[in-house]
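A.B. asks: One structure, pasted below without further comment.
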Amino acid sequence: MKLFPMLYFSELFNKQVATDKGKILGQLKDLFFLYGEIPTLTILAVEDKDSRKLIPLSFLKKINHTLTVAHDYEAVEQTESELSVAGNLLDRQVIDLKGDKVVRINDVIISESPNYYISGIDISVWGVLRRLGLLKPVINILRQLKITVLQEALSWGEIQNLELMQGKIQLKVKEEKLAKIRPEDLADYLQTTNIDNIKTFLSNLNLEKAAEVFASLTGAHQTELIRQFKAEMAARFVDLLDPDEAVDILLTVSEKRRQSILEFVSSEKKEELSHLLRHSSTPMGELMTTEYLVVNSNLTAKEIIDKIRLETSDFACLYAVYALNEKSQLVGVFSLHELLMQPPDNPVYKFMVANPVTLHLSTPADIALNRLIRYNLSALPVINNQKHILGMVTLDDLSDYIKR
């Protein structure tokens, strides 16, 4: 029926369609297919200036410079199970299970044996050039320069498009495959779909990976998911997030919903979150985190290093270590570099910086930012009137004020 063993959608797009008796029907604008292990093409979408016709592929007789269909064709309607190459595939992002990354579909590969079907996708720049009609000129130039550039194509079995099946997700892949893809890439991809897709996808991942992806989503997506998940599932994500990030999300939901989620949060995390939530209405309370380390000023350098190994494995970052006296009051601070330069038996009070720069709950954000910049610091502790540490604010927490 056709001249070539393999075609690209871009090669068929806008081709003239005519009957075997010479009647011009219009131009090919789309192809419809049935989703499955072998996605079979079913319909030609043909348009002219006045109308749009959907012609079953069974009437296709020949593909050459023109697509020829039988003169006695019968037009049909698209069914719910039929998807569009142009609408559901082209320019969409998919997960490449072979390369463990998210890629863009630049063209669709079509094969025939025994029926026309989608055999793969082109994710290379060739797909873009082919659609622009520039492929042959570019290839000729590269040949003259003796430059070889390989085409990047994936077979249908090597990808997973989460938007197919009209919003339903079918995960054919093992979790270890998805584990290799960066959470940020998965989050970027998921944000091109809808909340139902994201919700189903996260439910199919292991909890740790799901939390990493969740943390990389936008605040709007996170909030909507927390609202939709059952309280117990929402609590699992909240439990794995940094405390300040978790509080930001919890503050976007109602008090009743917040309390129902906290009921399922681990007791230690619940205490942290409740502490931050109590101070959330203050300038620094809204920004601070409880992810910091305090030590007694009498401990030795070696004891501090052992404590860091034991207590900070889940920290995103350790900016500094704060020293307390016997009354749990803040008396000093030191950096990790300063710690590592000390003899193992040297006590903290001998090398800490006494009377560190601090913030209070009522400190305005712009003043907090000025202090960080003035003293060239990455983080500052927030204390109360008794000099007890309540939390810590980082330069990253104040990033929104830097942009103003």
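A.B. asks: What is the residue count in the stretch 102-144 for residues that are of a type in the set (Phe, Trp, Tyr) and either closer than 23 Å to Leu57 by Cα or outside any helix (DSSP H, G or I) (or both)?
C.D. replies: 2
A quick yes/no check of all residues on (1) out of contact with any strand residue (DSSP E or B) (no Cβ under 8 Å at 6 or more places or on another chain); (2) over 24 Å from Glu224 (Cβ atoms):
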{"position": "Val265", "(1), (2)": "yes, no"}
{"position": "His275", "(1), (2)": "no, yes"}
{"position": "Arg278", "(1), (2)": "yes, yes"}
{"position": "Asn298", "(1), (2)": "no, yes"}
{"position": "Asp314", "(1), (2)": "yes, yes"}
{"position": "Tyr319", "(1), (2)": "no, yes"}
{"position": "Asn325", "(1), (2)": "no, yes"}
{"position": "Leu336", "(1), (2)": "no, yes"}
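A.B. asks: Right, something else. Does Ser203 satisfy being within 20 Å of Ser274 (Cβ to Cβ) and of a type in the set (S, T, N, Q)?
C.D. replies: When the stated conditions are applied, Ser203 does not pass them.
A.B. asks: Has the stretch 389-398 got any residue that is more than 22 Å from Ser281 (Cβ to Cβ) and in contact with a Phe, Trp or Tyr (Cβ under 6 Å, 6 or more places away or on another chain)?
C.D. replies: Within the stretch 389-398, not a single residue is more than 22 Å from Ser281 (Cβ to Cβ) and in contact with a Phe, Trp or Tyr (Cβ under 6 Å, 6 or more places away or on another chain).
A.B. asks: Hey, among the residues in the stretch 46-100 that are among the polar types (S, T, N, Q) and part of a strand (DSSP E or B), which one's surrounded by the fewest Cβ atoms within 10 Å (Cβ to Cβ)?
C.D. replies: Start the filter on the stretch 46-100 by keeping residues that are among the polar types (S, T, N, Q), which leaves 51, 58, 64, 66, 68, 78-79, 81, 84, 88, 93.
If we keep only those that are part of a strand (DSSP E or B) as well, we get 66, 68, 84, 93.
Details: Thr66: 14, Thr68: 20, Ser84: 16, Gln93: 20.
Among them, the one singled out is Thr66.
A.B. asks: Kindly check whether there is at least one residue in the stretch 134-144 that is modelled with pLDDT of 80 or more, under 30 Å from Leu25 (Cα atoms) and either buried (at least 19 other Cβ atoms within 10 Å of the Cβ) or not polar (S, T, N, Q) (or both).
C.D. replies: yes
A.B. asks: Continuing with this model, one more query. Say we look at the stretch 218-237 and pick out the residues that are buried (at least 16 other Cβ atoms within 10 Å of the Cβ) and among the polar types (S, T, N, Q); which of these is modelled with the lowest pLDDT?
C.D. replies: Filtering the stretch 218-237 for residues that are buried (at least 16 other Cβ atoms within 10 Å of the Cβ) and among the polar types (S, T, N, Q), the one modelled with the lowest pLDDT comes out as Thr223.
A.B. asks: In the stretch 190-214, how many are modelled with pLDDT of 80 or more and among the small types (Gly, Ala, Ser)?
C.D. replies: Selection size over the stretch 190-214: 2.
A.B. asks: While we're on this one: Name, by its number, the condition in (1) touching a residue at least 60 places away in the same chain (Cβ under 8 Å); (2) surrounded by 13 or more Cβ atoms within 10 Å (Cβ to Cβ) that does not hold for Glu37.
C.D. replies: Just one mismatch for Glu37, condition (2).
A.B. asks: Separate question: When you scan the stretch 345-363, do you find a residue that is without any contact (Cβ under 8 Å) to a residue 60 or more places away in the chain, of a type in the set (Lys, Arg) and touching a strand residue (DSSP E or B) at 6+ places or on another chain (Cβ under 7 Å), even just one? Give the derivation first.
C.D. replies: From the stretch 345-363, those without any contact (Cβ under 8 Å) to a residue 60 or more places away in the chain are 345-358; that's our starting set.
Restricting the remaining residues to those that are of a type in the set (Lys, Arg) gives 350.
So of that shortlist, the ones also touching a strand residue (DSSP E or B) at 6+ places or on another chain (Cβ under 7 Å) come out as none.
No, every residue in the stretch 345-363 fails to be without any contact (Cβ under 8 Å) to a residue 60 or more places away in the chain, of a type in the set (Lys, Arg) and touching a strand residue (DSSP E or B) at 6+ places or on another chain (Cβ under 7 Å).
A.B. asks: Select, from Val353, Val393, Val348, Val321, the only residue that is among the aliphatic types (A, V, I, L, M), over 25 Å from Glu245 (Cα atoms) and surrounded by 19 or more Cβ atoms within 10 Å (Cβ to Cβ).
C.D. replies: Val348
A.B. asks: So, one more: Among the residues of the stretch 202-231, what is the count of those that are closer than 17 Å to Gln259 by Cα and either touching a Ser or Thr at 6+ places or on another chain (Cβ under 6 Å) or not in a helix (DSSP H, G or I) (or both)?
C.D. replies: 4
A.B. asks: Could you check Phe229 against (1) touching a residue at least 12 places away in the same chain (Cβ under 8 Å); (2) within 23 Å of Gly391 (Cβ to Cβ) and say which number it fails?
C.D. replies: Against the list (1) touching a residue at least 12 places away in the same chain (Cβ under 8 Å); (2) within 23 Å of Gly391 (Cβ to Cβ), Phe229 comes up short only on (2).
The values are calculated or read from the model by the stated rules, or taken from the named source; none is laboratory data. The structure displayed is predicted, hence computed values, not measured ones. Reconstructed Cβ throughout: ideal geometry from the backbone, glycine too, with neighbour counts over all protein chains shown.
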